[in-house]
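Notes for the one structure printed next.
The values are calculated or read from the model by the stated rules, or taken from the named source; none is laboratory data. Predicted, not measured: the structure shown is a model, and the values here were computed from it. Glycine gets a Cβ as well: all are built from the backbone with ideal geometry, and neighbour counts include every protein chain shown.
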Amino acid sequence: MFVGEMWVEKRKGNGTQTHGAFTLGSEVKKGKQVAVYWWKRLDEEVEVIRDEKNVVVVNVWGKKLRGVYANRKLRMADWERWLKSFEGYDGMVGDWNAHNPAWDPLCEQVDGRGKRMEEWMIERGWELGQGENGLTWERTRGGRAEESRIDFFISKGPTEWDGGKRYKLLSDHWAIKAEIV
């Protein structure tokens with residue numbers, strides 16, 4: 001299953017990245033920021049429960065998985081309220097837009113969101129997905145390469161999920177694939 005940043009063609013309000021082996025389970029519309037994809041062989045197993053601007057929730061084999069896009073413009077109080085809304089899920093993958101060396105090997109300084117997210121993960125028993133720990137975001141701005149790991153999978157318990165495989169599509173974010181094992 002992939003969760004990725006939605007790309008929507010600005011003038012027409014439609015379109016996003018697609019791949020023949022995957023089903024796009026999200027509605028595509030202007031202003032949408034997150035999308036969910038899954039292997040076509042799982043079409044009968046996956047049910048989309050919620051599909052909103054920055055949250056997609058699916059049920060697969062009785063597990064609730066959440067894909068998120070953390071808007072960088074959220075104030076800290078709104079960020080904390082948003083994190084608290086995640087109770088009752090088994091795993092989450094997303095673009096967290098939070099910097100912390102606990103998950104980003106190139107991070108030199110923890111930002112406020114990264115600090116609060118790490119505390120929240122520890123307090124509630126969330127663990128970073130196992131597997132690939134590489135960078136998940138990259139772009140060139142002004143001739144200078146920028147890279148970080150702001151996209152990752154978290155779960156309640158490390159043995160139930162394998163969440164770290166990355167796939168490069170046509171975006172500045174790598175798509176993250178998580179598997180129930």
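So that you can scan it fast, the table gives a plain yes or no per residue for (1) modelled with pLDDT of 80 or more; (2) surrounded by fewer than 13 Cβ atoms within 10 Å (Cβ to Cβ); (3) among the small types (Gly, Ala, Ser); (4) within 25 Å of Lys63 (Cβ to Cβ):
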residue: Glu132; (1), (2), (3), (4): no, no, no, yes
residue: Leu135; (1), (2), (3), (4): no, no, no, no
residue: Glu138; (1), (2), (3), (4): no, no, no, no
residue: Arg144; (1), (2), (3), (4): yes, yes, no, no
residue: Gly163; (1), (2), (3), (4): no, no, yes, yes
residue: Arg166; (1), (2), (3), (4): no, no, no, yes
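Go through (1) at pLDDT 85 or above; (2) under 16 Å from the mean Cα position of the chain (by Cα) for Pro101 and report which single condition fails.
Of (1) at pLDDT 85 or above; (2) under 16 Å from the mean Cα position of the chain (by Cα), only one is false for Pro101: (2).
Of all residues in the range 110-134, which are aliphatic (A, V, I, L, M) and assigned to a loop (DSSP other than H, G, I, E, B)?
If the condition is that a residue be aliphatic (A, V, I, L, M) and assigned to a loop (DSSP other than H, G, I, E, B), then Val110 is the only one that fits.
Please specify each residue of the range 52-69 satisfying the condition of being crowded, with 18+ Cβ neighbours inside 10 Å and either in contact (Cβ under 8 Å) with a residue 24 or more places away in the chain or under 23 Å from Ala21 (Cβ atoms) (or both).
Within the range 52-69, the first condition is being crowded, with 18+ Cβ neighbours inside 10 Å, and the residues that meet it are 54-58, 65-69.
Once the filter is applied, which keeps residues that are crowded, with 18+ Cβ neighbours inside 10 Å and either in contact (Cβ under 8 Å) with a residue 24 or more places away in the chain or under 23 Å from Ala21 (Cβ atoms) (or both), the range 52-69 yields Val56, Val57, Val58, Leu65, Arg66, Gly67, Val68, Tyr69.
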